[in-house]
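These notes concern the structure reproduced below.
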């Protein structure tokens, strides 16, 4: 199911034999499900008839199919059920508590249905593992962008003279929340394997962001040192790192984290002697990370003069044999240029045929197990596996399915759907 | 060990009985270890004598102790061993392959020591689970900032008229890589519980970023649609969302994801009639997400006029009773203002006494299990548990420890250390 192409072998699929019901939308909980599907779990995404709120989320393919939905639901099965009807919710409850040893696990980003609550489900199946994402920790809603605003980082993002907060297009809190959910689910599943006990697990988007701000030292710094860190463009805090423009309009990010990196960087740019003289004149040891940071502007200007008079290719050539950490800035257009050469070169990426979209390069799992990548598997269409799942997982007969269709609990067959 | 305060009960600690050796530095692999420690695993961080490269990473407390190191190593035990000596590496190898059912698991961000490679360790203990973080997928080094540059997002971050790329201070790829490592480790551990087999697991920072760019639809959009998405300030792509300034210099992020959100937003700002007239004149249905996005500038300007003539408090008051998604922008200084009131109010945060730093508010785990939070536990000092771990985990006698000290494989006792 989770590997229709049959290309992944056992080694990259340690979660084979685990079945997860996912009632979700947007990024975090779908990413949790997809991450586990890529490790071999059979993940069944449940949506209301017509699909979840995110089924039309931009970006779209020309056909109107969401590239976002397709990207976050790869390798799952998908079913459509009328969740506004009690009969529909009961069917999903049956799915969750069924499945024997494989089953009893649900991921959701909503707790509005009493039939699908931890209390109801664990009364039906005591070892239920119930994983819930919320926005706020009180259960209220929030999205990555509002959580970004609440958690300090946008006021430290961007050029020194930026007029206001700068949000990031990377939904870092959605991504990390989705992965925390997966970590928690697997921890609870381990506990279940060892003790037979189920668990109820919750993660709030705002807690994930606040935890990161604390874990990285931002909160303790503000509380203890009473200093507010200032915006500092693309300088890396506490070490030497910034971006540089080249003569031909290229742009590179350079980081010299260690003494060795920085000596390499000065050597590659012909600045060893100049930096040594500066070091002596200032009485400063640039082998010390803190000193490279304190003098980042003068060191940066010296280096900028070198980069400004080189092409991107020349700068790359000079850096290639060093230990300096560097990368050119690439746009998404650059990443797919020359018939997607850079994606073709990456073992992470494979071309998939995505229903409703067409052939394109897509990432597999970034987890490599025993040298084996779990390749990308196309996402289903919304509701593609409704009858298959109800038949295989709940043992429903053809007449039982017909009755569900008749009552509108599941959608009619495609050829009977109202084209409007 | 992982809960010296004894405040967490069994429910929030499903990983009790798992022991992990962590040979790591910076963010990703330490976050992996800390996340598992917060779930009850006994995580032993191994560092070279004097501490890892990140032991002095900024921000620092006044004492010079790293708030970054302390933040990312909470709840672990820490040992110091001379990793440049074969005897030191053997000791760590012994630790990894020991521990019976609890042991055999290692997380590392380096594979430069043959004694600690998967090959060597799995020859000694066939069910070893070996988890490795690399920068590049070929094993080369990279850091979050260079991976940001390589993966498109900084060219979409910031105001429309930004001159160059804008990196984010949130190390999103470090954070997600660390959590992917934890997901993979737990998946491999489940496989080991069920089959007795070990596994080797690798994650590259650059793959994590590329996977996110693909999963969120950015790569497919660039490849299939041939359009390059433009920088668009704090507008949320494909829906209605942006920031607004208030009369008193406040700033809010507002997102209206659904028709209900947007109707609520227009009602709260007294714009229902104006928007209805606009909708009719333009022949556009603002209940449609795509239309709200297409007309984001005119809708945004109408709303901006309202926010500009209200104080932040008035705007918040008007939004509070709606379903609109919103948050004021808060700086880290705001988060710790009034004696850290906002942190005190959060169940995620508790005050800890951090050796070398002092008392401050720190986050526990954002995973809530059966209603129970795993509270923060102070980080150890570098090498604090060296002799305890070698005694308890390897059964070394006092004379054996004395010999290791004498040979410089482990540090001398504090009172014998060279103060220089």
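The values are calculated or read from the model by the stated rules, or taken from the named source; none is laboratory data. In this text, all values refer to a predicted model and were calculated from it rather than measured experimentally. In this analysis, Cβ positions are derived from the backbone assuming ideal geometry, glycine residues included, and neighbour counts consider all displayed protein chains.
Screening residue B:269 with (1) within 14 Å of another protein chain (Cβ to nearest Cβ); (2) in contact (Cβ under 8 Å) with a residue 24 or more places away in the chain gives one miss only, at (1).
Residue check: is residue A:104 surrounded by 20 or more Cβ atoms within 10 Å (Cβ to Cβ), more than 20 Å from residue A:384 (Cβ to Cβ), touching a residue at least 60 places away in the same chain (Cβ under 8 Å) and assigned by TED's automatic domain parsing to the domain that holds residue A:359? For residue A:104, the condition - surrounded by 20 or more Cβ atoms within 10 Å (Cβ to Cβ), more than 20 Å from residue A:384 (Cβ to Cβ), touching a residue at least 60 places away in the same chain (Cβ under 8 Å) and assigned by TED's automatic domain parsing to the domain that holds residue A:359 - is met.
One residue is enough: does segment A:168-189 have a residue meeting the conditions surrounded by fewer than 22 Cβ atoms within 10 Å (Cβ to Cβ) and either within 15 Å of residue A:104 (Cα to Cα) or at pLDDT below 95 (or both)? No, the conditions are met nowhere in segment A:168-189. Checked against the criterion of being over 17 Å from residue A:323 (Cβ atoms) and without any contact (Cβ under 8 Å) to a residue 40 or more places away in the chain, the candidates B:159, B:171, B:165 yield just one match: B:165. Looking only at segment B:133-174, residues that are facing chain A (nearest Cβ under 9 Å) and part of a strand (DSSP E or B) come to 0 in all. Filtering A:365, A:374 for residues that are at pLDDT below 95 and within 30 Å of residue B:203 (Cβ to Cβ) leaves a single hit, A:374. Within the option set B:311, B:321, being modelled with pLDDT under 95 and out of contact with any strand residue (DSSP E or B) (no Cβ under 7 Å at 6 or more places or on another chain) holds for one residue only, B:321. Here segment A:194-211 is the region considered, the condition is being within 7 Å of another protein chain (Cβ to nearest Cβ) and in contact with a helix residue (DSSP H, G or I) (Cβ under 6 Å, 6 or more places away or on another chain), and the residue that is nearest to residue B:337 (Cα to Cα) is A:208. Taking segment B:279-391 as the region of interest, the strands (runs of 3 or more DSSP E) fully inside it that hold 2 or more residues being more than 8 Å from every other protein chain (Cβ to nearest Cβ) are B:349-354. For residue B:75, the criteria (1) farther than 18 Å from residue A:239 by Cα; (2) surrounded by fewer than 24 Cβ atoms within 10 Å (Cβ to Cβ) hold in every case but one, which is (2). Return a yes/no flag: does segment B:206-228 have any residue that is in the same structural domain as residue B:124 (by TED's automatic domain parsing) and assigned to a strand (DSSP E or B). No, that holds for no residue. Working only within segment B:193-229, note down all residues that are under 28 Å from the mean Cα position of the chain (by Cα), in contact (Cβ under 8 Å) with a residue 40 or more places away in the chain and farther than 23 Å from residue B:32 by Cβ. Once the filter is applied, which keeps residues that are under 28 Å from the mean Cα position of the chain (by Cα), in contact (Cβ under 8 Å) with a residue 40 or more places away in the chain and farther than 23 Å from residue B:32 by Cβ, segment B:193-229 yields B:218, B:229.
Residue B:137 fulfils the conditions (1) touching a helix residue (DSSP H, G or I) at 6+ places or on another chain (Cβ under 6 Å); (2) modelled with pLDDT of 95 or more; (3) assigned by TED's automatic domain parsing to the domain that holds residue B:85 except for a single criterion, (2). Specify the residue that is modelled with the highest pLDDT; the eligible residues are those in segment B:90-121 that are part of a loop (DSSP other than H, G, I, E, B) and closer than 22 Å to residue B:56 by Cα. The qualifying residue modelled with the highest pLDDT is B:109.
What do you reckon, is residue A:202 outside any helix (DSSP H, G or I) and at pLDDT 95 or above? Considered against the rule, which asks whether it is outside any helix (DSSP H, G or I) and at pLDDT 95 or above, residue A:202 comes out as yes. Considering only residues in segment A:392-402 that are without any contact (Cβ under 8 Å) to a residue 24 or more places away in the chain and assigned to a helix (DSSP H, G or I), the one that is nearest to the chain's Cα centre (by Cα) turns out to be A:392.
Filtered by the rule that a residue be in contact with a helix residue (DSSP H, G or I) (Cβ under 7 Å, 6 or more places away or on another chain) and over 22 Å from residue B:233 (Cβ atoms), segment B:279-296 gives B:284, B:285, B:287. Condition test on residue B:185, is it within 19 Å of residue B:121 (Cβ to Cβ) and more than 7 Å from chain A (Cβ to nearest Cβ)? Yes, satisfied.
Per this entry, residue A:87 is not counted among residues that are surrounded by 22 or more Cβ atoms within 10 Å (Cβ to Cβ), assigned to a helix (DSSP H, G or I) and over 19 Å from the mean Cα position of the chain (by Cα). Just one of (1) in the same structural domain as residue A:76 (by TED's automatic domain parsing); (2) in contact with a helix residue (DSSP H, G or I) (Cβ under 7 Å, 6 or more places away or on another chain) fails for residue A:335. It is (1). Annotation: of all residues in segment A:41-60 being assigned to a strand (DSSP E or B) and touching a residue at least 24 places away in the same chain (Cβ under 8 Å), the one that is farthest from residue A:22 (Cα to Cα) is A:42. Looking at segment A:120-134, is at least one residue farther than 26 Å from residue A:195 by Cβ and in contact with a strand residue (DSSP E or B) (Cβ under 8 Å, 6 or more places away or on another chain)? Looking through segment A:120-134, at least one residue is farther than 26 Å from residue A:195 by Cβ and in contact with a strand residue (DSSP E or B) (Cβ under 8 Å, 6 or more places away or on another chain).
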